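The values are calculated or read from the model by the stated rules, or taken from the named source; none is laboratory data. Being a predicted model, the structure only gives us computed values, none of them experimental. Neighbour counts are summed over all protein chains in view; Cβ atoms, including those assigned to glycine, are modelled from backbone coordinates with ideal geometry.
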Amino acid sequence: MQTRENLLTYLAAVFLFFLGIGLRLLYLNNPPLDFIQARQLRSAIIARGMYCALAPCADETRRQTAIAMWQGEDVYEPQINERLAATLYYLLGGEKPWVFRFLAASYWAIGALAIFMMTSRWLSLKPALVALAFYAVPVFQVVNGRSYQPEPFMVMWIILAVFFLERWVTTQSWRHALLAGVLGGVAILVKIMAVFPVAAVFGLLASGKLGWKRLFSSKQVWCIGILLMVIPASYYGVMIGSRSSGFFSFWTLAMLHKIIEPAFYVRWFSWLHDLVGLLPIALAVYGSLYLPPQARRVVGGWFAGYVVYTAFLPAQVSTHTYYNLILIPGVAMGLAGMAAPFFQKIVSQPPLYRLAFWGIATLAVLFPAWITRSVIVSQNEGIAQEVKGWQRLCDELPRDGKMIGLTHDYGNRIRYLGWRYIASWPYSWDFDLNAEVFGAQESFEEQFKEKTEGFRYFVVTDFTDLEAQPALKNYLYQNFPIAQSDDGYVVFDLAQRLEAAP
């Protein structure tokens, strides 16, 4: 009987595993116009430029444009994910939109397997199904986990690092210590914010196992700690040190005041409620109490790391969806702990009750899976027509001068879909953020002159944000002639001035 139940449980795990992969592979060939287009298109532009640098191209002008656009992107972290995509482009003989989705699904699958193995080892197979289901199916997990961004890549490395940290504490072997240190260092290298859950889990596991007296005398602890620091420091400290310090000054030091403002916590909790749900988070925190001590330290460390991470980056965590993807594995493992007592009770119930329970559990998976599928379908409806529209717009834009503009996604749609370079005029919220951090800014005319120097044309496609910048709107329409316009865009000629009204 037990063997039969285990077989059914493994079959359920396989079903969840392939359901999670299948949801992440929907609309494989669509360009990343489904959500957070600016960030996804940025990665696509970088990967294309890397590919064009590797491979010859029939159109040399296009090739050089793609390389220039890649090299013109700001560098926030090592472009490892984009390099992997570019390498696959090269091996496949061309740029393939499905490559990023395939990579993201692969990262999810590796992380899901590690979570299932950890939770089944801590508890049993059935509670591990709950962790796998939560990690596989809900909208936020799928939509953000299939994106053209480094976040899914980072989360996979964090999970692998935690997996081997937990194994190291159990075995105290040098092999697991080295694997934990290297994988944790790579996770932090991929994106620096991985340091928070990795360091917190490492600290709780090591201190819980060794105690504070033996902690700092352990060679393995020092080895792991050094690897966690040296691997990312070689990039963030040496290669882009000034940019890293600038990022820290702007996004952390200048934003620290938010963590003492009640309004921040209202926004943050509302954001989490919309993305993940406060109830699953609360149940996961409570469920961590049902985990074995070592597992409790893993999940507790994960949550503690997320809280500290939020304190360091309050603006992003409360406004950017993908900055919260780092929370999901911790919630998944905590929910497994919450489910464990229920499964212990279910086994002693009559067969009809057990059948009803599994029927409800199946619906609890299939319904959110269908919702997720519907969201992805709605996000991808009309993308083919949208691509054609943007390509037509890009073909119509002038070619006899450099362009700057207030356009969708910081100009990335024009760069990616039209292979045209355009500099980006800041959005209204960019000006608001700079004013919050730096205080009073120079006059609008001085800013406009500084930002548009050397550009011939000013392109507008984002008319909503133009309305939010009345100074820009009035200045453009009152001072510069319209070079061309059509449905969805207007181009101002900065080389000419309108005569002042008498």
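A few notes on this one:
- Of the criteria (1) aliphatic (A, V, I, L, M); (2) under 30 Å from residue 354 (Cα atoms); (3) over 22 Å from the mean Cα position of the chain (by Cα), which one residue 92 fails: (2)
- Once the stretch 99-151 is narrowed to residues that are polar (S, T, N, Q) and in contact with a Phe, Trp or Tyr (Cβ under 9 Å, 6 or more places away or on another chain), the residue that is surrounded by the most Cβ atoms within 10 Å (Cβ to Cβ) is 141.
- All positions within the stretch 464-493 that are touching a residue at least 60 places away in the same chain (Cβ under 8 Å) and β-branched (Val, Ile, Thr): 491
- Flag for residue 405 being buried (at least 18 other Cβ atoms within 10 Å of the Cβ) and free of Cβ contacts under 8 Å to residues at least 24 places away in the same chain: no
- Among (1) closer than 29 Å to residue 121 by Cα; (2) at pLDDT 95 or above - the single one residue 209 does not satisfy: (2)
- Restricting 163, 196 to those that are in contact (Cβ under 8 Å) with a residue 40 or more places away in the chain, within 26 Å of residue 232 (Cβ to Cβ) and surrounded by fewer than 24 Cβ atoms within 10 Å (Cβ to Cβ) reduces the list to 163.
- Residue in the stretch 341-350 that is at pLDDT 90 or above and charged (D, E, K, R) present: no
- Residues that are assigned to a helix (DSSP H, G or I) and without any contact (Cβ under 8 Å) to a residue 12 or more places away in the chain within the stretch 258-291 comprise 260, 262, 263, 265, 266, 269, 270, 273, 274, 278, 279, 282, listed in sequence order.
- Matching residues, the stretch 271-286, being within 18 Å of the chain's Cα centre (by Cα) and buried (at least 18 other Cβ atoms within 10 Å of the Cβ): 272, 275, 276
- Checked against (1) in contact with a helix residue (DSSP H, G or I) (Cβ under 7 Å, 6 or more places away or on another chain); (2) surrounded by 13 or more Cβ atoms within 10 Å (Cβ to Cβ); (3) within 25 Å of residue 37 (Cβ to Cβ); (4) not hydrophobic (A, V, I, L, M, F, W, C), residue 475 passes all but condition (3).
To keep it simple, each residue is scored yes or no on (1) outside the structural domain of residue 158 (by TED's automatic domain parsing); (2) over 19 Å from residue 301 (Cβ atoms); (3) exposed (fewer than 13 other Cβ atoms within 10 Å of the Cβ).
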site	(1), (2), (3)
324	no, no, no
337	no, no, no
348	no, yes, yes
361	no, yes, no
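- Pairs, first farther than 20 Å from residue 194 by Cβ in the stretch 292-303, second part of a helix (DSSP H, G or I), C-beta under 6 Å, six or more apart: 292/122; 295/122; 296/288
- Positions within the stretch 394-411 being part of a helix (DSSP H, G or I) and either at pLDDT below 95 or not hydrophobic (A, V, I, L, M, F, W, C) (or both), in sequence order: 395, 396, 408, 409, 410, 411
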